[in-house]
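Visitor: Next up is a structure, given as structure tokens.
The values are calculated or read from the model by the stated rules, or taken from the named source; none is laboratory data. In this text the structure is predicted, and so the values were computed from the model without any measurement. Quick reminder, even Gly has a Cβ in these numbers, built from the backbone with ideal geometry, and neighbours come from all protein chains shown. The area values use the complete protein model at the heavy-atom level, side chains included, leaving out ligands, DNA and RNA. Shrake-Rupley method; radii C 1.70, N 1.55, O 1.52, S 1.80 Å.
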Amino acid sequence: MHDFRYIRGRLHCGQVALEALVARFGTPLYVYSQTTLADHFQKLAGALAPLDHRICYALKANSNLAVLRTFAGLGAGFDLVSGGELERVLAGGGDPAKCVFAGVGKTEAEIALALRHGIYCFNVESEPELVRINRVAARLKKVAPVAVRVNPNVDAGTHHKITTGTYENKFGIAFETVEGVYARAAKLKNLRLRGLQMHIGSQLTEVTPFRQAVERVAPLAQRLAARHGFEFLSIGGGLGIVYESALASGAAAWWRTPAGRGILTPAGYAAALVPLLRPLGLKILVEPGRFLVGNAGILVTRVEYVKRTGHKNFVIVDAAMNDLIRPAFYDAYHEIVPVRRKPGATVPSDVVGPICESGDYFAKDRPLPKVGEGDCLALLSAGAYGSVMGSNYNSRPLPAEVLVDGARAALVRERQPVAAIWAGERLAPWQRRR
Ligand code: LLP
């Protein structure tokens, strides 16, 4: 379920009316439901209960400290991809001993930081990286826990920009060569071989690619675990969410779309994978990002103008591609609903931002109720890869973020003051006035 619904024609998060939040905090505004965050975590944890497992939240999806704190409080670990994310986890009260560190380009400084904080494991993407981690660990007189990311060469059947598990992608080490890599890694004195990892892509809405990848990797994990005495297999993240009809399907089963697409439930995921994973006797890690936060957040924006051109009905809003880049970048679909329900016929509309690029749109020819200046719209399923992918393009400040818990709402990120955008910039010495 998610926590966004109309009550007497007004969109609410929990018991809080979005109109009230707009009046308090302005727009564009990200709003997150703590209830939904916790609900999704618990649904996944419940489905995976037959396994000795750990959920490592991939905070790249949404790294707001209040979101991190919610998951840390539920016992989550974290999947990191930078030194900055490790610092964030520490700032949000997460436990570094439950963190895994992914990514193809870890720097020496990031490796050293992670070793000093005692993370659970490095998920390693190449042999040169193994050598580098060993060298940094030796310098710090530490033993670095590592897992190799295996590329199982299984097509996740998702958008090409978020497919990661085929040999066309830069990720992981080819399935056929992994055993040789472990044999060589076993000779490096400052490494401890702790597990094996994989991740085939993001926004998977069917279980088949997961099953294929696990079927392929499980026997390998078993052989390697016996040989090197390691303790875990991570099956990565990638569980997809509903983007179409997210509101309508919300209260009953948010993962069910009318067309029968996107029916990957935590229960369905577990039913397919638990029987393959349990016999391994290993700890199983999962690294979901989108699944935990995607449907828990929305982006609220205000209509500035309605421009009718004879060809199109442009609804020009105050949010833009710098606030939510997914439609521009992946042609992603986000459902758009009015904050105050509008009766009457719909009009095919292009919802666009103020940025000077034709890619700055949220929807094209979308049937929307007739709206006018000052009306607010909500872009749904914006909790994952929304604010984190924001930028200051066009010197637009990053939006404010609010967390709602039942009837309570709190600002969890202030709207960026405009001057903060250039606070780190300087004139060159020869440009300064004497
Ligand atoms: N583990 C690894 C190694 C990953 O690379 C990712 C995501 C995850 C876990 C979490 O995947 P999730 O459960 O969220 O699917 N910006 C894109 C998505 C990029 C995903 C990158 N890697 C989007 O907006 O669709």
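Visitor: Give the residue that is nearest to Arg216 (Cα to Cα), with candidates limited to residues of segment 148-164 that are part of a loop (DSSP other than H, G, I, E, B) and within 10 Å of the ligand (Cβ to nearest atom).
Guide: Only one residue fits best here, namely Ala156.
Visitor: For segment 312-325, state whether one or more residues are assigned to a helix (DSSP H, G or I) and either in contact with a strand residue (DSSP E or B) (Cβ under 8 Å, 6 or more places away or on another chain) or closer than 29 Å to Thr265 by Cα (or both). Give the steps one after another, and end with the answer.
Guide: To start, the set of residues in segment 312-325 that are assigned to a helix (DSSP H, G or I) comprises none.
Scanning segment 312-325 turns up no residue that is assigned to a helix (DSSP H, G or I) and either in contact with a strand residue (DSSP E or B) (Cβ under 8 Å, 6 or more places away or on another chain) or closer than 29 Å to Thr265 by Cα (or both).
Visitor: Further, regarding this structure: With (1) open to solvent by less than 30 Å² (accessible area, probe 1.4 Å); (2) over 16 Å from the mean Cα position of the chain (by Cα) as the list, and Ala76 as the residue in question, which single condition is left unmet?
Guide: Against the list (1) open to solvent by less than 30 Å² (accessible area, probe 1.4 Å); (2) over 16 Å from the mean Cα position of the chain (by Cα), Ala76 comes up short only on (2).
Visitor: Going through segment 165-181 one residue at a time, which ones are of a type in the set (Ser, Thr, Tyr), open to solvent by 40 Å² or more (accessible area, probe 1.4 Å) and assigned to a loop (DSSP other than H, G, I, E, B)? Walk me through how you get there before you give the answer.
Guide: First, pick out the residues of segment 165-181 that are of a type in the set (Ser, Thr, Tyr): 166-167, 177.
Pick out the ones that are also open to solvent by 40 Å² or more (accessible area, probe 1.4 Å) and you get 167, 177.
Of everything in segment 165-181, just one residue is of a type in the set (Ser, Thr, Tyr), open to solvent by 40 Å² or more (accessible area, probe 1.4 Å) and assigned to a loop (DSSP other than H, G, I, E, B), namely Tyr167.
Visitor: Same structure, new question: Test Pro258 against the stated conditions and say whether it is more than 14 Å from the ligand (Cβ to nearest atom), open to solvent by 40 Å² or more (accessible area, probe 1.4 Å) and either modelled with pLDDT of 95 or more or not assigned by TED's automatic domain parsing to the domain that holds Gly75 (or both). Outline the logic, then answer.
Guide: On the way: more than 14 Å from the ligand (Cβ to nearest atom): yes; open to solvent by 40 Å² or more (accessible area, probe 1.4 Å): yes; either modelled with pLDDT of 95 or more or not assigned by TED's automatic domain parsing to the domain that holds Gly75 (or both): no.
The answer is no for Pro258.
Visitor: Could you list, in sequence order, all residues of segment 318-360 that are in contact with a helix residue (DSSP H, G or I) (Cβ under 8 Å, 6 or more places away or on another chain) and within 16 Å of the ligand (Cβ to nearest atom)?
Guide: Within segment 318-360, Met321, Asn322, Asp323, Leu324, Ile325, Arg326, Phe329, Tyr330, Ala332, Tyr333, His334, Gly359 meet the criteria.
Visitor: Any idea which of Asp405, Asp360 is under 22 Å from the mean Cα position of the chain (by Cα) and under 20 Å from Glu335 (Cβ atoms)? Let's see the steps before the verdict.
Guide: Numbers: Asp405 fails: under 20 Å from Glu335 (Cβ atoms).
Criteria check complete, one pass: Asp360.
Visitor: Quick one: would you say Val315 is farther than 23 Å from Tyr32 by Cα and open to solvent by less than 10 Å² (accessible area, probe 1.4 Å)? Steps first, please.
Guide: On the way: farther than 23 Å from Tyr32 by Cα: yes; open to solvent by less than 10 Å² (accessible area, probe 1.4 Å): yes.
So Val315 fits the description; yes.
Visitor: Could you please tell me which pairs satisfy a Cβ distance under 9 Å, a separation of 6+ or placement on different chains, a first residue in segment 170-185 that is under 17 Å from Arg132 (Cα atoms), and a second residue that is assigned to a strand (DSSP E or B) and more than 16 Å from the ligand (Cβ to nearest atom)?
Guide: Tyr182/Leu193; Ala185/Leu191; Ala185/Leu193
Visitor: Among the residues of segment 115-122, is there at least one that is assigned to a strand (DSSP E or B) and under 12 Å from Gln197 (Cα atoms)? Lay out the reasoning, then the answer.
Guide: Of all residues in segment 115-122, those assigned to a strand (DSSP E or B) come to 121-122.
With the extra rule that they be under 12 Å from Gln197 (Cα atoms), the set shrinks to 121-122.
Taking every residue of segment 115-122 in turn, at least one turns out to be assigned to a strand (DSSP E or B) and under 12 Å from Gln197 (Cα atoms).
Visitor: Can you confirm whether segment 57-71 contains a residue that is open to solvent by less than 10 Å² (accessible area, probe 1.4 Å), under 24 Å from Val242 (Cβ atoms), assigned by TED's automatic domain parsing to the domain that holds Gln197 and in a strand (DSSP E or B)?
Guide: Among the residues of segment 57-71, at least one is open to solvent by less than 10 Å² (accessible area, probe 1.4 Å), under 24 Å from Val242 (Cβ atoms), assigned by TED's automatic domain parsing to the domain that holds Gln197 and in a strand (DSSP E or B), which makes the answer yes.
Visitor: In this structure, is Val131 in a strand (DSSP E or B) and either open to solvent by 10 Å² or more (accessible area, probe 1.4 Å) or within 25 Å of Phe210 (Cα to Cα) (or both)?
Guide: Values: in a strand (DSSP E or B): no; either open to solvent by 10 Å² or more (accessible area, probe 1.4 Å) or within 25 Å of Phe210 (Cα to Cα) (or both): yes.
For Val131, the condition - in a strand (DSSP E or B) and either open to solvent by 10 Å² or more (accessible area, probe 1.4 Å) or within 25 Å of Phe210 (Cα to Cα) (or both) - is not met.
This table checks each residue for (1) outside any helix (DSSP H, G or I); (2) under 14 Å from the mean Cα position of the chain (by Cα); (3) within 14 Å of the ligand (Cβ to nearest atom).
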position	(1), (2), (3)
Thr35	no, no, no
Leu44	no, no, yes
Leu90	no, no, no
Ala97	no, no, no
Val100	yes, no, yes
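Visitor: Could I ask something else about it? Look through segment 9-33, keep the residues that are open to solvent by 10 Å² or more (accessible area, probe 1.4 Å) and either touching a helix residue (DSSP H, G or I) at 6+ places or on another chain (Cβ under 7 Å) or within 16 Å of the ligand (Cβ to nearest atom) (or both), and return whichever of them is nearest to Pro288 (Cα to Cα). Talk me through it step by step, then tell me what you get.
Guide: Taking segment 9-33 and keeping what is open to solvent by 10 Å² or more (accessible area, probe 1.4 Å), we get 9-10, 12, 15-17, 19-20, 22-28.
Within this subset, residues satisfying the condition of being either touching a helix residue (DSSP H, G or I) at 6+ places or on another chain (Cβ under 7 Å) or within 16 Å of the ligand (Cβ to nearest atom) (or both) are 10, 12.
Working: Arg10: 32, His12: 26 Å.
Residue satisfying both the conditions and the ranking: His12.
Visitor: While we're looking at this one, here's another question. Arg149 - would you say it is open to solvent by 60 Å² or more (accessible area, probe 1.4 Å), in the same structural domain as Ala102 (by TED's automatic domain parsing) and closer than 21 Å to Leu276 by Cβ?
Guide: Numbers: open to solvent by 60 Å² or more (accessible area, probe 1.4 Å): no; in the same structural domain as Ala102 (by TED's automatic domain parsing): yes; closer than 21 Å to Leu276 by Cβ: yes.
Criteria not met by Arg149.
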